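The values are calculated or read from the model by the stated rules, or taken from the named source; none is laboratory data. All values derive from a computational prediction rather than experimental measurement. Quick reminder, even Gly has a Cβ in these numbers, built from the backbone with ideal geometry, and neighbours come from all protein chains shown.
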Amino acid sequence: MRFRTDDDLWLTADVDGPADAPVVVLLHGGGQTRHSWSGAMAALVARGYRVINYDARGHGDSDWSPMGAYHPDDRARDLAAVTRDLSAPVALVGASLGGATAIQAVARGLNPSVLVLVDIVPEPEPQGVGRIVAFMRGHPEGFASLDEAVDAVAAYNPDRPRPSDPGGLMRNLRQRPDGRLGWHWDPRIVEAEPEIHHGEVRRSAEVLARTEVPVLLVRGLRSDVVSPAGVAAFKAMMPRLDVFDVAGAGHMVAGDRNDAFNAGVLEFLDRRMPVLQRG
């Protein structure tokens, strides 16, 4: 399915589940695609939810902005466009950049029934953020082969085993006009310094804290982006915040421990936005 944004870009999405069920919108992290949610999407659909899982602007199969419009407000407007025609209750599940997008959208007036933030807090650890940005800015010359791209991913995440079938990584690559392989994201996404982006998140999180939206923070206990101090600061801002820790997971929580991640999110949704029994 495709959604049209207010500035005439097309966002590509996978949509599944009963048409009249509560809706879960999945928002991937920076440098990821909707395919990073494949396990979570299957579990949510199996529980009876309708799921919209889309590639953010400048990522995956969605359009790149010809104007380089990748401000948090641009992504928040995209989320508003994706959810505009929904009449059922809506849960937003956002990882990292996707979580920041959800926070920004709520600050701009979107009113979901539930918000799940995956390894994103208003006060992230600069070193962890810097490592992500360095990876996304790296290899501007692209790769001569798929094996070179696999090596780059392994260097970034050495604790995750190398894939037995590296062909799946092709979903994250595009063939460039010069014949080399490049990452699927628009390099202009990471042109701005991270602190500009995180300043927006902090201001928007203060607005979120004044709403009644139930919020779950899912944290990877091995994350170098979300620390205990970052969680404590978020709890001080929003005392009603629920926190679910995933042992053995880093920043890529759903990818590192998908079963544990799904169990925690489904338990929260069951309490806060359950699927009504049919028949």
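What the table below lists for this structure:
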{"read-out": "Filtered residues of the stretch 9-21 (kept if free of Cβ contacts under 8 Å to residues at least 40 places away in the same chain and either closer than 13 Å to V82 by Cα or surrounded by 17 or more Cβ atoms within 10 Å (Cβ to Cβ) (or both))", "value": "V15, G17"}
{"read-out": "Residue that is nearest to S96 (Cα to Cα) [pool: residues in the stretch 28-66 that are of a type in the set (G, A, S) and part of a helix (DSSP H, G or I)]", "value": "S36"}
{"read-out": "Candidate set: the stretch 146-170, residues that are at pLDDT 80 or above and outside any helix (DSSP H, G or I); chosen: the one nearest to the chain's Cα centre (by Cα)", "value": "N157"}
{"read-out": "Qualifying residue in the stretch 184-202 (condition: of a type in the set (D, E), surrounded by 15 or more Cβ atoms within 10 Å (Cβ to Cβ) and under 24 Å from S36 (Cα atoms))", "value": "yes"}
{"read-out": "In the stretch 241-273, residue nearest to H198 (Cα to Cα) [restricted to those that are in a loop (DSSP other than H, G, I, E, B) and touching a helix residue (DSSP H, G or I) at 6+ places or on another chain (Cβ under 9 Å)]", "value": "H251"}
{"read-out": "Test result for A105, touching a residue at least 24 places away in the same chain (Cβ under 8 Å) and either within 21 Å of N53 (Cα to Cα) or not in a helix (DSSP H, G or I) (or both)", "value": "yes"}
{"read-out": "Some residue of the stretch 185-196 being part of a helix (DSSP H, G or I) and aromatic (F, W, Y)", "value": "no"}
{"read-out": "Residue ID - farthest from V213 (Cα to Cα), chosen from residues in the stretch 54-95 that are out of contact with any helix residue (DSSP H, G or I) (no Cβ under 8 Å at 6 or more places or on another chain) and among the polar types (S, T, N, Q)", "value": "S62"}
{"read-out": "Answer residue from the stretch 117-153, given it is under 30 Å from L269 (Cβ atoms) and among the aliphatic types (A, V, I, L, M) and is surrounded by the most Cβ atoms within 10 Å (Cβ to Cβ) among those", "value": "V118"}
{"read-out": "Count of residues meeting criterion [of a type in the set (S, T, Y), at pLDDT 95 or above and either farther than 13 Å from T5 by Cα or touching a Phe, Trp or Tyr at 6+ places or on another chain (Cβ under 9 Å) (or both)] in the stretch 34-69", "value": "3"}
{"read-out": "Residue count for the stretch 171-184, restricted to those that are touching a residue at least 12 places away in the same chain (Cβ under 8 Å) and either in a strand (DSSP E or B) or in contact with a helix residue (DSSP H, G or I) (Cβ under 7 Å, 6 or more places away or on another chain) (or both)", "value": "6"}
{"read-out": "Verdict on V226 being buried (at least 18 other Cβ atoms within 10 Å of the Cβ), outside any helix (DSSP H, G or I), of a type in the set (V, I, T) and in contact with a strand residue (DSSP E or B) (Cβ under 6 Å, 6 or more places away or on another chain)", "value": "yes"}
{"read-out": "Test: residue in the stretch 245-267 that is of a type outside the set (A, V, I, L, M, F, W, C), farther than 24 Å from S36 by Cα, loosely packed, with under 14 Cβ neighbours inside 10 Å and without any contact (Cβ under 8 Å) to a residue 60 or more places away in the chain", "value": "no"}
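Residue by residue, here is whether (1) within 26 Å of V121 (Cβ to Cβ); (2) touching a residue at least 40 places away in the same chain (Cβ under 8 Å); (3) of a type outside the set (G, A, S) holds:
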position	(1), (2), (3)
F3	no, yes, yes
V23	yes, yes, yes
R34	yes, no, yes
A43	yes, yes, no
G48	no, yes, no
L86	no, yes, yes
G94	yes, yes, no
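Per-residue answers, yes or no, for (1) under 18 Å from I189 (Cβ atoms); (2) in contact with an Asp or Glu (Cβ under 7 Å, 6 or more places away or on another chain); (3) of a type in the set (S, T, Y):
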residue: A80; (1), (2), (3): no, no, no
residue: V93; (1), (2), (3): no, no, no
residue: S113; (1), (2), (3): no, no, yes
residue: P126; (1), (2), (3): no, no, no
residue: G130; (1), (2), (3): yes, no, no
